[in-house]
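The values are calculated or read from the model by the stated rules, or taken from the named source; none is laboratory data. Small disclaimer: the values here were computed from a predicted structure and weren't measured. Every residue, glycine among them, receives a Cβ derived from its backbone with ideal geometry; neighbour counts consider all protein chains shown.
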Amino acid sequence: MNFSGIRTVTTILTSYNMTNKKNILTLDDAKKIIAGAEAEAMQNNWPVVIAILDDGGHLLLLHRLDSAQFGSINVAIEKAHAAIAFRRPTKVLEQNITDGRLHYLNLPGALPVEGGLPITVDGQFVGAIGVSGVRSYEDAQIARAGIDALG
């Protein structure tokens, strides 16, 4: 995928004669993702919290819709954190638990509840979105709409 707002940082390691390019999720990108996710939530009248994290798991943007429960703030952040830490949707972690692989419950930072999705650009992980406030599959629907709004 090629998103218009994504910045590419080029690092030149002169002593090794190597060049690395890294895509970075910008604040403008996060705002686009939030707008797409909010539109999906509002269309369905779902009061949610939406969190966008960068590739290091740091919060870029948090958006709490009117009437969203405050308990969803940390859950949204943790869903996004798990998605970028393990580079997979949190639904995969949830499915592992459902399948009886209970050791996943002991992984540091793993939140096995659907609603967290990693964000990739050109095969690179650039961040994640986490949504909380309604049923977990609806949280994931909102998160997907947010990512789709990026480009």
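Taking (1) over 16 Å from Gln43 (Cα atoms); (2) not in a strand (DSSP E or B) in turn, Gly146 satisfies each apart from (1).
What do you reckon, is Glu114 within 16 Å of Ala145 (Cβ to Cβ), modelled with pLDDT of 95 or more, crowded, with 16+ Cβ neighbours inside 10 Å and not β-branched (Val, Ile, Thr)? The answer is yes for Glu114. When residues of the range 73-111 are filtered for being over 22 Å from Glu38 (Cβ atoms) and of a type in the set (Val, Ile, Thr), how many remain? The number of residues fulfilling the criteria is 3.
Residues that are closer than 13 Å to Asp139 by Cα and either β-branched (Val, Ile, Thr) or touching a Pro at 6+ places or on another chain (Cβ under 6 Å) (or both) within the range 36-60 comprise Val48, Val49, Ile50, listed in sequence order. Checked against the criterion of being crowded, with 21+ Cβ neighbours inside 10 Å and modelled with pLDDT of 95 or more, the candidates Ile33, Ile73 yield just one match: Ile33. Ala145 passes every criterion in (1) over 22 Å from Ser67 (Cα atoms); (2) surrounded by fewer than 22 Cβ atoms within 10 Å (Cβ to Cβ); (3) not charged (D, E, K, R) apart from (1). Note on the range 10-30: among residues that are part of a strand (DSSP E or B) and modelled with pLDDT of 65 or more, the one that is surrounded by the most Cβ atoms within 10 Å (Cβ to Cβ) is Asn23. The sole residue among Arg87, Arg64 that is modelled with pLDDT of 95 or more, on the phi > 0 side of the Ramachandran plot and charged (D, E, K, R) is Arg87. The test for being surrounded by 14 or more Cβ atoms within 10 Å (Cβ to Cβ) and farther than 15 Å from Ile33 by Cα does not hold for Gly123.
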